[in-house]
Amino acid sequence: MPYTPVWYMRQAGRSLPEYRRVREGIEMLTACATPDLVAEITLQPVRRYGTDAAIFFSDIVVPLRAIGVDVDIKPNVGPVMGAPVRDRAGVAALRPLEPDDVPYVTEAVRALTKELGGTPLIGFAGGPFTLASYLIEGGPSKNHDRTKAMMYGEPDLWHELMDRLTEITLGFLRVQADAGASVTQLFDSWVGAVAPQDYRTYVLPHTKKIFEGLAGLGVPRIHFGVGTGELLGLLGEAGADVVGVDWRVPLDEAAVRVGAGKALQGNLDPAILHAPWEVIEGRARDVLDRGRVAEGHVFNLGHGVLPSTDPGQLERLTDLVHEASAR
């Protein structure tokens, strides 16, 4: 590619007026199970921004709902569980995900790969720590206190839960790759709440298993978490080809922490898109300059597009990245 590729986390989302129109009156998990709607929403930002990849429109709890977990996404709250998983019986009820559980995913991915032509489609799934937190807490949590209580106090139960979530996540990513997704990404959004030594003990064995399980599919693998500056070396060790970096660590420093043999993805602060254009441009050029230190760089935000973002700023940003990085 003659320039740095660019796409944005949550690029198909709440900041786009066309997204809000097609989602009006439709619940999130219903939208995620409607192939025509999934395809349309996935394509919207590619059409508008000219990004170099599409990210499959779904949600991290889709595979949990598909295997029978009572979960809903409450507006302005997030995923909420009907019954939190806090004992061995709850863990034992989590069965593996089969392709027949998510036929709408296969249908949507196949339709998208035809429509996108040569533009890569990124399949994605939630990481096991993040899924475990939602299941144990019963919903979003700032401190993940119940989650850590199980992790520290009931390590055998914790690892059993993580083993089951690892298989569910791996199954969900395989379905997308088998249907034609050309990249996979693991969003372990809240794993930054874990200290490095705890990540190595309680999380790393499971994320390694996911990336090892994807290795034979021949598709690039991306790993991302929020607030993971102290974990970047371990994220690289987990086995992905590309490590996502949030906005808290400059990319040149991140390259040192991640180590050799990995590309980086990131890492403009999403909030900067609310600043005047000259500020956005200066920060974007700085990200590009620092990204040149890495063995490969995909320009992205340090987390998702904020709902109040002006889509016009992302259009200008995409053009800038392409022009400023042209070789």
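Each reported figure results from applying straightforward, stated rules to the coordinates on display, with no laboratory input. Just so it is clear, the structure is predicted and the values come from calculations on it, not from any experiment. Cβ sites come from the backbone with ideal geometry, for glycine too, and all protein chains shown count toward neighbours.
From Gly261, Gly291, Gly229, grab the single residue that is more than 23 Å from Ala12 (Cβ to Cβ) and in contact (Cβ under 8 Å) with a residue 60 or more places away in the chain.
Working: Gly261 fails: in contact (Cβ under 8 Å) with a residue 60 or more places away in the chain; Gly229 fails: in contact (Cβ under 8 Å) with a residue 60 or more places away in the chain.
Result: Gly291 is the single residue among Gly261, Gly291, Gly229 that is more than 23 Å from Ala12 (Cβ to Cβ) and in contact (Cβ under 8 Å) with a residue 60 or more places away in the chain.
Does the range 155-164 contain any residue that is in a helix (DSSP H, G or I) and without any contact (Cβ under 8 Å) to a residue 12 or more places away in the chain? Quick ask: steps written out before the conclusion?
First, the residues of the range 155-164 that are in a helix (DSSP H, G or I): 155-164.
Within this subset, residues satisfying the condition of being without any contact (Cβ under 8 Å) to a residue 12 or more places away in the chain are 156.
For the range 155-164, residues in a helix (DSSP H, G or I) and without any contact (Cβ under 8 Å) to a residue 12 or more places away in the chain: present.
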Within the range 83-141, track down each residue that is crowded, with 19+ Cβ neighbours inside 10 Å, in a helix (DSSP H, G or I) and over 20 Å from the mean Cα position of the chain (by Cα).
Val91, Asp101, Ala111, Ile136, Glu137
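Could you tell me whether Val6 is surrounded by 19 or more Cβ atoms within 10 Å (Cβ to Cβ) and in contact with a Ser or Thr (Cβ under 6 Å, 6 or more places away or on another chain)? Walk me through it before giving the result.
Details: surrounded by 19 or more Cβ atoms within 10 Å (Cβ to Cβ): yes; in contact with a Ser or Thr (Cβ under 6 Å, 6 or more places away or on another chain): yes.
Spelling it out, Val6 is indeed surrounded by 19 or more Cβ atoms within 10 Å (Cβ to Cβ) and in contact with a Ser or Thr (Cβ under 6 Å, 6 or more places away or on another chain).
Right, Leu235: within 21 Å of Val219 (Cα to Cα) and not aromatic (Phe, Trp, Tyr) or not? Spell out how you get there, then give the answer.
Working: within 21 Å of Val219 (Cα to Cα): yes; not aromatic (Phe, Trp, Tyr): yes.
Here the answer is yes, as Leu235 does meet what is asked.
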Val243 passes all but one of the listed conditions (1) within 16 Å of the chain's Cα centre (by Cα); (2) crowded, with 20+ Cβ neighbours inside 10 Å; (3) in contact (Cβ under 8 Å) with a residue 24 or more places away in the chain; the exception is number (3)
Quick one: how many residues across the range 12-68 are farther than 21 Å from Gly180 by Cβ, part of a loop (DSSP other than H, G, I, E, B) and among the hydroxyl-bearing types (Ser, Thr, Tyr)?
1
Name the residues in the range 163-194 that are in contact with a strand residue (DSSP E or B) (Cβ under 8 Å, 6 or more places away or on another chain) and among the acidic types (Asp, Glu), would you?
Asp188
